[in-house]
Structure formats: C-alpha cells, structure tokens
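Worksheet: one structure, shown below.
The values are calculated or read from the model by the stated rules, or taken from the named source; none is laboratory data. This one's a predicted model, so the numbers in the text were calculated from it and none came from an experiment. We place every Cβ from the backbone using ideal geometry, glycine too, and count neighbours over all the protein chains shown.
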Amino acid sequence: MPTASIADRLAAPAAELMAPPPGMEFDFSQPAGEAALVPPHSISWRIFKNPVTLFVGGVAAVILELAEPSVRHGVWDHSTFRKDAVTRLRRTGAAAMMTVYGPKSAAERMIGRVVRMHERVEGTTPDGTPYHANDQRLLDWVQATASFGFVEAYSRYAAPLSREERSLAFAEGAAASKLYGALGAPRSLEEWELMLAATEPGLERNDILLEFLDIMRTAPIGGGVVGPRFARPVQRMLVRAAVDLVPPGLRKKLGLEGQGLRPGQRTAVSLMAKAADRLPIKGSPPAQASVRMGLAPDFLWR
C-alpha cells in the first residue's frame with residue numbers, strides 16, 4: 001500500500017483520535033505565549049503528535065498497569081473501561097495532550113482535578129491488600145508504564161530513538177509526575193529498567209487483562225485508524241503491536257505468548273506509524289499548541 005494512500009486513510013480517524021471527547025474540549029492555541037510543562041523542541045512534543053503510536057503505547061501501558069494487582073483493581077473497579085472503553089481511552093488521551101501541549105496553568109488545574117478524584121478511589125484486592133489511588137507506589141508505576149509505552153511505541157514503530165533520547169523523554173515527564181504525586185517515577189531509561197525489574201515479581205496473569213485486550217480489539221476506536229473496511233483487522237494488529245512492546249519474559253508470565261505481532265505485521269505497523277508522523281492534523285492539540293508558542297501549525301511535522 002503506497003505511503004500516500006496510508007496517509008489519506010489515516011487523516012480522518014487520526015484527527016478523531018486526537019480530538020478531546022465531549023466535555024473536555026479545549027483551545028490549545030490560547031493564551032498566546034504561555035508555556036507548557038515541557039517545551040516545543042522536546043522529545044515529548046515529537047512523540048505525542050503521533051496517533052498510531054499513542055494508541056499502541058497506551059494499550060501497552062495499560063497491559064503493564066493491569067498486571068499489578070492493586071493498580072488493576074483501582075482501575076477496573078472504579079472506571080468505565082468495561083462499559084465504555086472508547087470514551088475512557090479518549091479521556092486518557094485528552095489528559096495526555098493537556099499534560100504535554102496544554103498551557104501550564106490549564107495542565108495544573110486538570111491534574112489537580114484528577115488528584116482530587118483519585119482521593120475517592122480506594123478498596124481491597126481479592127487477597128485482602130488495601131489500595132488507594134493516590135498511594136505513591138501505585139502512582140509511580142502508572143506514570144512509569146505510561147512513559148514507557150508512549151516512548152517505546154514511538155521508537156519501535158515511528159522513528160528510532162537512542163537510549164539518551166528515551167531517557168530524556170522520561171525526564172521530561174518529571175514536572176507532570178510531581179504534580180500527580182508520583183515522586184518516585186523514573187526520570188531515565190535506566191531508572192525505568194530498575195523499576196521494572198523490582199516490580200516484575202509482583203506482576204501476574206489475570207482474566208481482567210485478557211478482557212481488556214478483547215475490548216481493545218473490538219471497540220470502535222477512531223474508525224479503526226484506516227477506515228471502516230479495514231477497521232477490525234488493523235485494530236487487532238495494533239493491539240498485537242502493543243503486546244509486542246512487553247518484554248518477552250514478562251509476556252510469557254502474563255499469558256500473552258503468541259499475541260504479539262505476526263511475521264510481516266511489524267512492517268505494516270511501522271508504515272502506518274511513519275505515515276502518521278508526517279501527517280499534520282489541522283486543529284489538533286499539537287498544531288494549536290505550536291501556534292500558541294508562536295510557531296507554524298505544522299512545526300512538529302517538518
């Protein structure tokens with residue numbers, strides 16, 4: 001499939017995926033000149049403009065989150081993932097857009113609302129372990145897995161990043177992590193690798209994780225990224241791409257063997273991700289944020 005054709009097919013669903021859901025609309029072009037939590041020339045601004053790798057990385061992050069018992073029950077028992085996965089995914093994406101591209105004052109207000117909402121999220125896992133959404137250990141893991149998912153998906157499928165660039169992307173998330181209360185979130189690739197090694201013994205296979213993947217394979221997300229005719233096969237392939245980001249040993253432990261990419265699929269995912277990386281999305285948060293900072297709307301796609 002020619003790259004131009006891929007870009008054409010991506011345009012409408014990519015714009016839909018990047019748009020905030022009802023109730024979270026925001027004009028990222030205002031107020032003029034107000035900086036974001038991370039600057040325009042950052043690695044993060046490059047990474048978060050790509051809707052294909054955002055979807056893949058977001059799913060990978062949730063896989064790792066749902067493997068941790070306390071995070072799993074905090075997310076699954078107190079969210080709408082099971083009932084309305086599309087809206088929940090779009091709300092999560094909108095929060096990420098605000099964290100990276102939003103004016104600092106608006107990002108701080110949004111994060112403050114999330115922290116207050118998390119104050120009400122608490123419970124007990126089936127084995128009797130109490131959890132609270134604002135426990136620093138859980139916040140650190142959620143922030144770490146999100147950074148890993150987005151950074152690794154972009155590097156693997158859109159544009160290779162060096163270890164130094166991936167470490168810098170982790171470091172750029174420090175301001176937002178601190179506002180969320182994730183004071184121990186990794187600030188480098190090495191710190192992430194150490195956290196993963198320390199956390200992995202407590203990660204486990206579970207039915208909720210498998211249910212989540214089934215939902216992600218079938219939920220009507222962004223027109224299936226390349227249009228209705230090809231929606232379901234491509235969406236299933238992108239979920240496989242997310243599973244493929246999970247380290248092989250952990251993939252086996254979680255019961256996800258054989259659910260990664262099949263031969264030839266990585267090339268297809270990379271073609272879509274690379275096309276999306278060159279596809280300016282007019283009116284999207286990255287384009288609006290560029291204008292707010294006095295840059296051309298296609299600054300990030302040049």
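Values for this structure:
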read-out	value
Index of the failed condition, residue 125 passing every other in (1) in contact with a Pro (Cβ under 7 Å, 6 or more places away or on another chain); (2) surrounded by 21 or more Cβ atoms within 10 Å (Cβ to Cβ)	(2)
Number of positions in the range 27-60 that are modelled with pLDDT under 95 and under 12 Å from residue 286 (Cα atoms)	1
Hits in the range 14-58 (condition: outside any loop (DSSP other than H, G, I, E, B) and surrounded by 23 or more Cβ atoms within 10 Å (Cβ to Cβ))	14, 18, 44, 47, 51, 52, 53, 54, 55, 56, 57
Unique match (being without any contact (Cβ under 8 Å) to a residue 40 or more places away in the chain, farther than 22 Å from residue 91 by Cα, among the small types (Gly, Ala, Ser) and not in a helix (DSSP H, G or I)) among 255, 260	260
Some residue of the range 163-179 being hydroxyl-bearing (Ser, Thr, Tyr), modelled with pLDDT of 95 or more and more than 30 Å from residue 220 (Cα to Cα)	yes
Scope the range 267-283; condition assigned to a helix (DSSP H, G or I), within 19 Å of the chain's Cα centre (by Cα) and not acidic (Asp, Glu); matching residues	269, 270, 272, 273, 274, 275, 276
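Per-residue answers, yes or no, for (1) closer than 22 Å to residue 189 by Cα; (2) buried (at least 23 other Cβ atoms within 10 Å of the Cβ):
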position	(1), (2)
66	yes, yes
80	no, no
98	no, yes
102	no, yes
140	yes, no
144	yes, yes
147	yes, yes
158	yes, yes
